[in-house]
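Novice: Take a look at the following structure, please.
The values are calculated or read from the model by the stated rules, or taken from the named source; none is laboratory data. Bear in mind that the values here come from a model prediction, so they are computed numbers and not experimental data. Cβ placement follows ideal geometry from the backbone for every residue including glycine, while neighbour counts extend to all protein chains displayed.
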Amino acid sequence: MSNIIGLINYGIAGNIHSIKKAIEKAGGTIKIVNNESELNSVDKIVIPGVGSFKDAISELEKDKLLEPLKKAIQTKPTLGICLGMQILSTLGFEYGKTKGLDAIKAEVKPILVDAKVPHMGFNTIDVVKTNPLLNELENEEFYFMHSYEVVNYTEISSLTDYAGHKFVSSVQKDNIYGVQFHPEKSREAGIKLFKNFIEL
């Protein structure tokens with residue numbers, strides 16, 4: 001059975017090189033997706049992301065990938081990473097209000113915490129609802145770097161504590177998974193997460 005993972009390449013928001021390397025290290029076959037026909041030819045989808053919600057959505061629109069991606073993630077196993085997870089939400093509030101992919105009923109808002117923002121560095125995840133992606137990763141540390149958080153109450157897979165503030169560090173809804181951390185910067189735990197995704 002074919003198991004080609006499509007890595008969405010959407011301009012500066014992508015940050016795809018390190019993710020490509022990490023997924024290949026985990027044994028995955030990667031295809032960089034730049035347009036709709038390439039998107040249709042892959043079995044799974046990874047939405048990477050650095051930068052702002054607004055820029056990410058406008059890059060996807062510019063590349064004519066926004067609507068095809070909305071459609072594709074309804075059926076194909078999908079993993080959103082950091083900003084990639086955030087844009088799975090209904091709405092983002094970074095530099096104004098921007099509509100997201102609306103795959104998960106959530107909003108993306110600034111982290112309001114009495115500590116340094118962005119939240120940066122390694123932190124643990126507290127798994128509140130198990131899923132195959134997080135298999136055997138319950139007490140692992142992952143690398144975070146973000147100033148915004150996904151506010152959601154129904155699809156939460158794990159929470160993470162930062163200076164007494166609990167935020168959503170991963171979500172799952174049917175075939176769609178999102179992680180707020182960067183597995184590609186999380187050493188062995190990140191490779192294991194990608195292996196889990198490959199095996200879905």
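Novice: Suppose we keep only residues that are surrounded by 13 or more Cβ atoms within 10 Å (Cβ to Cβ) and either at pLDDT below 95 or more than 14 Å from the chain's Cα centre (by Cα) (or both) within the range 107-116. Which one would you say is nearest to VAL33 (Cα to Cα)?
Specialist: Kept after step one, since they are surrounded by 13 or more Cβ atoms within 10 Å (Cβ to Cβ), are these residues of the range 107-116: 107-109, 111, 113.
Narrowing further to those that are either at pLDDT below 95 or more than 14 Å from the chain's Cα centre (by Cα) (or both): 107, 109, 111, 113.
On the way: GLU107: 26, LYS109: 28, ILE111: 31, VAL113: 36 Å.
So the residue we want is GLU107.
Novice: Whether any residue in the range 172-195 is among the polar types (S, T, N, Q) and under 20 Å from GLY27 (Cα atoms) is what I want to check.
Specialist: Within the range 172-195, the first condition is being among the polar types (S, T, N, Q), and the residues that meet it are 172, 175, 180, 186.
Now drop any that are not under 20 Å from GLY27 (Cα atoms), which leaves 186.
Yes, there is a match, as at least one residue in the range 172-195 is among the polar types (S, T, N, Q) and under 20 Å from GLY27 (Cα atoms).
Novice: For the subset of the range 70-97 comprising residues that are out of contact with any Ser or Thr (no Cβ under 9 Å at 6 or more places or on another chain) and of a type in the set (A, V, I, L, M), which member is surrounded by the most Cβ atoms within 10 Å (Cβ to Cβ)?
Specialist: Step by step, filter the range 70-97, then rank; the result is LEU79.
Novice: Do you know which residues across the range 150-182 are more than 10 Å from the chain's Cα centre (by Cα), not aromatic (Phe, Trp, Tyr) and not in a strand (DSSP E or B)?
Specialist: Selection gives ASN152, THR154, GLU155, ALA163, GLY164, ASP174, ASN175.
Novice: Here is a follow-up. Just one of (1) under 26 Å from TYR143 (Cβ atoms); (2) without any contact (Cβ under 8 Å) to a residue 40 or more places away in the chain; (3) outside any loop (DSSP other than H, G, I, E, B); (4) not acidic (Asp, Glu) trips up PRO68, so point out which.
Specialist: Checking PRO68 against (1) under 26 Å from TYR143 (Cβ atoms); (2) without any contact (Cβ under 8 Å) to a residue 40 or more places away in the chain; (3) outside any loop (DSSP other than H, G, I, E, B); (4) not acidic (Asp, Glu), the one that fails is (1).
Novice: Now for a separate question. When the residues of the range 136-148 are filtered to those that are touching a Leu at 6+ places or on another chain (Cβ under 9 Å) and not aromatic (Phe, Trp, Tyr), which remaining residue is nearest to LEU91 (Cα to Cα)? If you could, list the steps in order and put the result at the bottom.
Specialist: In the first step, residues of the range 136-148 are kept if they are touching a Leu at 6+ places or on another chain (Cβ under 9 Å); the result is 137, 140, 142, 146, 148.
When the remaining residues are screened for being not aromatic (Phe, Trp, Tyr), the result is 137, 140, 146.
On the way: LEU137: 29, GLU140: 30, HIS146: 17 Å.
The qualifying residue nearest to LEU91 (Cα to Cα) is HIS146.
Novice: Out of the range 136-165, which residues are among the charged types (D, E, K, R) and surrounded by 14 or more Cβ atoms within 10 Å (Cβ to Cβ)? Steps first, answer last, please.
Specialist: Just the residues of the range 136-165 that are among the charged types (D, E, K, R), to begin with: 136, 138, 140-141, 149, 155, 161.
Within the range 136-165, GLU140, GLU141, GLU149, GLU155 qualify.
Novice: Moving to a separate point now. Please work out if VAL179 is under 28 Å from LYS21 (Cβ atoms) and either surrounded by fewer than 22 Cβ atoms within 10 Å (Cβ to Cβ) or among the β-branched types (Val, Ile, Thr) (or both).
Specialist: Numbers: under 28 Å from LYS21 (Cβ atoms): yes; either surrounded by fewer than 22 Cβ atoms within 10 Å (Cβ to Cβ) or among the β-branched types (Val, Ile, Thr) (or both): yes.
Spelling it out, VAL179 is indeed under 28 Å from LYS21 (Cβ atoms) and either surrounded by fewer than 22 Cβ atoms within 10 Å (Cβ to Cβ) or among the β-branched types (Val, Ile, Thr) (or both).
Novice: So which residues in the range 33-65 are exposed (fewer than 15 other Cβ atoms within 10 Å of the Cβ) and either hydroxyl-bearing (Ser, Thr, Tyr) or assigned to a helix (DSSP H, G or I) (or both), if there are any at all?
Specialist: Listed by number, the residues that qualify are SER37, ASN40, SER41, GLU61, LYS62.
Novice: If I ask for residues that are touching a Ser or Thr at 6+ places or on another chain (Cβ under 9 Å), of a type outside the set (Ser, Thr, Tyr) and over 23 Å from GLY96 (Cβ atoms), which ones from the range 118-136 would you list? Before you say what the answer is, go through the steps one by one.
Specialist: Here is the first cut: in the range 118-136, the residues touching a Ser or Thr at 6+ places or on another chain (Cβ under 9 Å) are 118-119, 122-131, 133-134.
Imposing the further condition that a residue be of a type outside the set (Ser, Thr, Tyr) reduces the set to 118-119, 122-123, 125-129, 131, 133-134.
Selection gives PHE122, ASN123, ILE125, ASP126, VAL127, VAL128, LYS129, ASN131, LEU133, LEU134.
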